[in-house]
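Asks: If you scroll down you'll find the structure; I have some questions about it.
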Amino acid sequence: MVWSAEVEETLQRIEANGSVMGVIVVNADGLPIRSSFESSKASKYADILRRLTAMARSTVRDVDPQDDLIVMRMSTKNQEVMVAQENSYHLILVQRLERSRV
């Protein structure tokens, strides 16, 4: 995959944020094509979150067929995960929660 300089710069800026644990870009085949996580962890996130995002998108469309899922965000005790889908790609962002929010 060839990235534009602007896309690469944006991903690097996101990764430089101190609370960001990792960023994963997933292609249409469900394969991580860029990740700051090690390979097996990136693949695990990609597989699980693509399925969860598909279910969430289906739910949104069942409620309102004219609507669509843009970003899915979930928080746990320790981290926050955001998934955005654009065309056939998914962007997954995992970040640590600030202790003041927990």
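Asks: Please tell me the relative contact order of the chain in percent, rounded to the nearest whole number, where contacts are Cα pairs under 8 Å and at least six residues apart.
Replies: Once normalised by length, the contact order is 27 percent.
Asks: A follow-up question, please. Report, in deg cm²/dmol and to the nearest 500, the calculated mean residue ellipticity at 222 nm for the chain, where each DSSP H run with n ≥ 4 adds -39500 (n - 2.57) and the sum is divided by the residue count.
Replies: -12500 deg cm²/dmol
Asks: Over segment 18-64, what percent of the accessible surface lies on carbon and sulfur atoms, probe 1.4 Å?
Replies: Ligands and nucleic acids excluded, carbon and sulfur reach 54 percent.
Asks: Also, I was wondering about something else. With a 10 Å radius around each residue's Cβ, average the other Cβ atoms per peptide and rank 78-84, 29-35, 4-10, highest first.
Replies: 78-84, 29-35, 4-10
Asks: Over segment 1-71, give the accessible area per residue in Å² for a 1.4 Å probe, as an integer.
Replies: With the other protein chains kept in place, segment 1-71 gives 67 Å² per residue.
The values are calculated or read from the model by the stated rules, or taken from the named source; none is laboratory data. On a predicted model such as this, the values are computed, not experimentally measured, just so you know. FYI the Cβ positions are ideal-geometry reconstructions off the backbone, even for glycines, and counts take in every protein chain you see. Accessible surface is based on the protein model in full, side chains and every heavy atom, while ligands, DNA and RNA are left aside. Shrake-Rupley method; radii C 1.70, N 1.55, O 1.52, S 1.80 Å.
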